[in-house]
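Single-structure report; data block below.
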Amino acid sequence: MGRVRRLIGGLAVAVLASLAATDSAGAVNTGAALTEPPAALAAALDCHGNLARAARAPVILVHGAGSSPEESFSFGYVPALQRLGFPVCTVRLPEHGLADIQRSIQYVVHAVREVAQRSGRQVSLVGHSIGAVLGVYAPSFWPDLAALIDDDIGLAGPYLGGTSFSPACADSLCPSFSWQLRPASSLIRAFRDKPRPVGPSFTAVATAFDEIVTPAPEAGLLPGAANVVLQSVCHLRPIEHFLLAADAVAYALVLDALTHPGPADPARVPRATCLQVLPPGADLARGAVTAPLAVVNATVRSLQAPALSGEPQLRCPFDPGACPRPTSLSLTRRCARGGRLRIALTGDVDAVRRVDFKLDRRLVHRDDAAPFATTTRLARARRLRAIAILSNPPGERRVLSRPLPRCRGTR
């Protein structure tokens, strides 16, 4: 019976992903190919608990810059969530999260797909600092992920950059992530121009005493998310950037999101939570040793990280112009019920930005995102046309044309 449930769950996840990112001809839009070594991606994912048989959906934890899964979550979130029956997975980012964000994000993309496949259900993401950024950027640039994610929760994430990163890189060498988290960086602009994915429930938790993500708390808020400033729940709570990853109130907000439909609602957090320090079930002894060392290690690693003279060049999918050019696009059409016509653009749709479907010269449908497909009533027309505007090369136009079929129920 358990085997059947796992099979059904896996099929359900596959269906959800395909509905969100597949056109009618079955061409799955999974976004850019991952360029990190498959062995490295697999080794970076560590899961605790039985993913397939657990009563609750799995949670993926993503640490911040200069940290590690052990330093960020081993004494707080891992034991606390496991105590409540959540299977927990952690992602170990390359170079302690100090590498090019375009590399680090691939580890999150791989983790979401792998855990969803192994568990047969949607997953939830909880990220701290740069881990929060990766958790939000991943479904924004890899279209198949949105259907695989239930809750996407960030703690102290500089989603649109932070002013603290700009002065450090003004006249000197900086680690790649510092260049990329400046508000005016090319990476931030690429994210700002990207529509937010539909499906996941986004929660952003910020603290007014954040010394890293500045100006605080504004820089830790995410447009379109349920934004919660810690001090709006517990007045003057003295929690800064690093402590937010193990704070009892922040954890209560995370848990509220995980156990309710939609994002976190601070009104559901008991007032007595303000009297707690660490999450219930946390390992206090381990935390007393690990937490202070984590802050020191993150600072030292950041100072010792390889420095660059400028922001890393954007690659696919952050720069659509760097993505492979489409070699094949096809216009498919088939008869549907009631004398209607199902039409779709198939093939290398990753490089397509917009499609206009026309019957002769009359516009019947416009799509600004995959899947590029629609169903329409047949009119007195002779030809079906699709005008595809490409993102690579930017603005290039492809026109595809086919004669209309004779469908039952039409004149």
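Go ahead and run the numbers for FRET between Leu275 and Asp368, Cβ-Cβ distance against an R0 of 51 Å, rounding to 0.05. Numbers along the way, then the final one.
Values: r = 49 Å, r/R0 = 0.96.
Efficiency at R0 = 51 Å is approximately 0.55.
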Task: Charge-dipole axis of the chain as Lys and Arg at +1 and Asp and Glu at -1 on Cβ define it, positive-most pick from Leu244, Val88, Ala225 - done: Ala225
Task: Under the span-like rule (Cα at least 24 Å along the axis, Kyte-Doolittle mean at least -1.0), DSSP H helices of the chain - done: 2-21, 101-119, 284-304
Task: Förster-model FRET efficiency, 45 Å R0, Arg56 and Ser186, C-beta, rounded to 0.05 - done: 0.70
Task: Phi to ³J(HN,Hα) by Karplus 6.51 cos²θ - 1.76 cosθ + 1.60 over region 343-355, Hz, x for Gly, Pro - done: 10, 7, 9, 10, x, 7, 6, 4, 9, 9, 9, 7, 9
Open item on the list: I'd like the distance between the alpha-carbon centres of region 335-390 and region 221-263, rounded to an integer number of Å.
Closed with: 44 Å
Open item on the list: Need one number: nm distance between label points at Arg361 and Leu308, each 7 Å from Cα along Cα→Cβ, rounded to one decimal.
Closed with: 5.0 nm
Task: Segment Ala379-Leu236, extension gain: residue separation times 0.36 nm, minus the distance between their alpha carbons - done: 45.0 nm
Task: Relative contact order %, region 156-245, counting alpha carbon pairs below 8 Å whose residues are six or more apart - done: 32 percent
- [ ] Please find the FRET efficiency linking Ala42 to Leu173, where r is the Cβ-Cβ separation and R0 is fixed at 30 Å, and quote it to the nearest 0.05.
- [x] 0.35
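Where does the chain land at 222 nm, in deg cm²/dmol rounded to the nearest 500, when only DSSP H runs of n ≥ 4 count, each adding -39500 (n - 2.57), divided by all residues? Present the calculation step by step, with values, prior to reporting the outcome.
Values: 12 runs with 124 residues, N = 411.
Here the helix-only value at 222 nm equals -9000 deg cm²/dmol.
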Task: Gyration tensor verdict on region 31-304 (Cα atoms; rounded if a/c is under 1.5, prolate if a/b is larger than b/c, oblate otherwise) - done: rounded
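Counting other beta carbons within 10 Å of each Cβ, put Cys274, Cys234 in order, fewest first. All intermediate terms of the calculation are to be shown ahead of the outcome.
Numbers: Cys274 15, Cys234 20.
Going from least to most buried by this count: Cys274, Cys234.
List the relative contact order of the chain as a percent without decimals, with contacts defined as Cα pairs under 8 Å and 6+ residues apart. Let's see the in-between values first.
On the way: 893 pairs, mean separation 63.0, N = 411.
With pairs under 8 Å counted, the relative contact order is 15 percent.
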Open item on the list: Given contacts defined as C-alpha pairs under 8 Å and at least six residues apart, what's the relative contact order of region 311-411, whole-number percent?
Closed with: 29 percent
Task: Cleavage-rule hits (GluC sites (Glu not before Pro)) in region 183-278: DSSP loop, at most 15 neighbouring Cβ within 10 angstrom - done: Glu211
TODO: Just subtract the alpha-carbon distance of Arg83 and Val399 from 0.36 nm times their residue separation and send over the number in nm, one decimal.
DONE: 108.0 nm
- [ ] Using the Cα centre as the reference, give the magnitude of the dipole from point charges on the C-beta atoms of region 31-304 (Lys, Arg: +1; Asp, Glu: -1; all else neutral), rounded to the nearest 20 debye.
- [x] 440 debye
Task: For region 133-176 versus region 45-114, the gap between their alpha-carbon centres in whole angstrom - done: 16 Å
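Read-outs throughout are calculated quantities, based only on the coordinates presented, and are distinct from any laboratory measurement. Predicted model only: the values in this text are computed from it and were never measured. Cβ coordinates were reconstructed from backbone atoms using ideal geometry, including for glycine residues, and neighbour counts include every protein chain displayed.
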